[in-house]
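Accompanying notes for the structure given below.
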Amino acid sequence: MPEPKQVILSGMRPTGRLHLGHLEGVLKNYLKLQAGEALCYFMVADIHALSTEYKVPGAITQNTKELLLDWLAVGLAPEKATLFVQSDVLEHTELFVILGMLTPLAWAERCPTYKEQQQELADRDLATYGFLGYPILQAADILLYRATHVPVGQDQLPHLEMTREIARRFNYFYGETLPEPQSMLTASPKVPGIDGRKMSKSYGNALHLSDSKELVEKKIKQMYTDPRKIHADTPGTPDNCVVLAWYKMYAADQAGEIEQECRSGKRGCMVCKRGLSPILDAIIAPIRSRREALAEHPEQLESIVRDGALRARARAAETMEAVRSAMGWLAVGQRGKEK
Ligand code: TRP
C-alpha cells in the first residue's frame, strides 16, 4: 500500500474530564483532521501520565476511560481515525529505551518543560528518571508511526524539536530510517473560564463536556461580569465580561445588541446569564447524551480500543522492524544463520 501523504499522530494525557476549552482547541482540530485525507492516530498517553501520577496509577485507568468517552462523544470515530491507548502498544516502551540510549542527557535536561513542570507540580517528586525521559517517550510515540505531522499546542514545540533531533541522530548513526515530523500548531482560541481566566482544569473554572444542565446553569450564575454593574439598570462596561465573551463565541448574531443594552443600562446580568444557559446547553447536551449512552456499553468502548490497538501495533511493528534492521539486530530465529 502506498504511504499516505500525511500521517498524523497526536496524544492527550488522561488527566481528567475534558472541557469546552479542549473542544474549541484540540478536539475541533482532531475532528477536522479525521474528516480529511490524512491517516490519523489519536492516542491516550497513559504512560506519559504515569510520569507525574505514578503514586496513583488507578486514577490513570479511570481517566483513560473518561478521555475515551469524551473523544467518542464529540465525534472522534474509529472508522475515520485509529483511537488507541499508549500502554496497549508495547513498541512505545521498546523504542523509548532504544532512543534513550542515543539521546544526550543534556538535551533532556535543557528541555524547558522539564524545569517548568517540576516547579508547577512542586507537590510531587518529579526528580525521577522517567520524568526526565518524558520528551524521549514522546519522540518514540511520534517516530513509531512515522508521523509526518503532529498537531500540538505551542507548549509542546520543544518536544517536537527534540523529536526531530533524535530522529536525525538515529538516522546519522544507522542510516535513513525515521522520518522527521513537522509540528502542526493548533490554534488555541482563548476560551474564558467562569472566573475570567483561561479555562483550565487546574483553575477549577471549567465547563466540562459531561456537566449536567443544572451544573452548567449554576456555573453560568457564577460567571464573572462587570463588578461595578450593581443594578440591572446600571450602565455596564462588559470588556472583561465572561458572559458576553460566550455570546460572542456561540451566539454572535445576538452579541452586538446584548452589548449595547448592557452599556446603556437596559439589560441586567441575570437576564443575560439566563439567556446563555440554553445556548451553552445546546452545545453540551448532545455531547453529554452520547457520552451517557456510551458509558452504558463498556463492551463497545472496549472493542473500539482493542481494534485501535491492533491497527496501531501493525504500524508500530513495521517501524520496529525497520529500526532493528537498521541497527543490524537479528530477529528471533535468525541468530546463527548470519554469515
Ligand atoms: N505531551 C503531550 C501533552 O502534554 C501529550 C503527548 C504524548 C503527545 N505523546 C504525544 C502529543 C505525541 C503529541 C504527540 O499534551
| task | Give the residue, chosen from ALA167, ALA147, ALA140, ALA187, that is outside any helix (DSSP H, G or I) and buried (at least 18 other Cβ atoms within 10 Å of the Cβ). | result | ALA147
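This table checks each residue for (1) more than 19 Å from the chain's Cα centre (by Cα); (2) outside any helix (DSSP H, G or I); (3) more than 10 Å from the ligand (Cβ to nearest atom).
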| site | (1), (2), (3) |
| --- | --- |
| GLN117 | no, no, no |
| ARG124 | yes, yes, yes |
| GLY130 | yes, no, yes |
| PRO135 | no, no, no |
| request: Say whether the condition of being within 11 Å of the ligand (Cβ to nearest atom) and under 24 Å from ASN63 (Cα atoms) is met by at least one residue in the stretch 162-181. | output: no
| request: Could you check how many residues of the stretch 201-216 are touching a residue at least 12 places away in the same chain (Cβ under 8 Å) and loosely packed, with under 14 Cβ neighbours inside 10 Å? | output: 1
| query | So which of ALA35, ALA49 ends up being open to solvent by 10 Å² or more (accessible area, probe 1.4 Å) and of a type in the set (A, V, I, L, M)? | reply | ALA35
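Would you check if GLY21 is more than 12 Å from the ligand (Cβ to nearest atom), within 27 Å of LYS198 (Cα to Cα), out of contact with any Asp or Glu (no Cβ under 6 Å at 6 or more places or on another chain) and of a type in the set (Gly, Ala, Ser)?
So GLY21 passes the test.
Out of curiosity, is GLU214 under 29 Å from ARG291 (Cα atoms), over 23 Å from the mean Cα position of the chain (by Cα) and more than 16 Å from the ligand (Cβ to nearest atom)?
yes
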| said: Taking the conditions exactly as written (within 13 Å of the ligand (Cβ to nearest atom), in the same structural domain as GLN138 (by TED's automatic domain parsing) and either in contact (Cβ under 8 Å) with a residue 12 or more places away in the chain or of a type outside the set (Lys, Arg) (or both)), does TYR30 satisfy them or not? | reply: yes
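Only helices (runs of 4 or more DSSP H) wholly contained in the stretch 12-91 count here; list those with 3 or more residues that are over 24 Å from ALA314 (Cβ atoms) and more than 13 Å from the chain's Cα centre (by Cα).
Numbers: elements: 28-35, 46-53, 57-74.
Here the list reads 46-53, 57-74.
The values are calculated or read from the model by the stated rules, or taken from the named source; none is laboratory data. Worth saying up front: this structure is predicted, and the values here are computed from it rather than measured. Glycine also receives a Cβ, built like all others from the backbone with ideal geometry; neighbour counts cover every protein chain displayed. All accessible areas refer to the heavy atoms of the entire protein, side chains included, with ligands and DNA or RNA removed. Shrake-Rupley method; radii C 1.70, N 1.55, O 1.52, S 1.80 Å.
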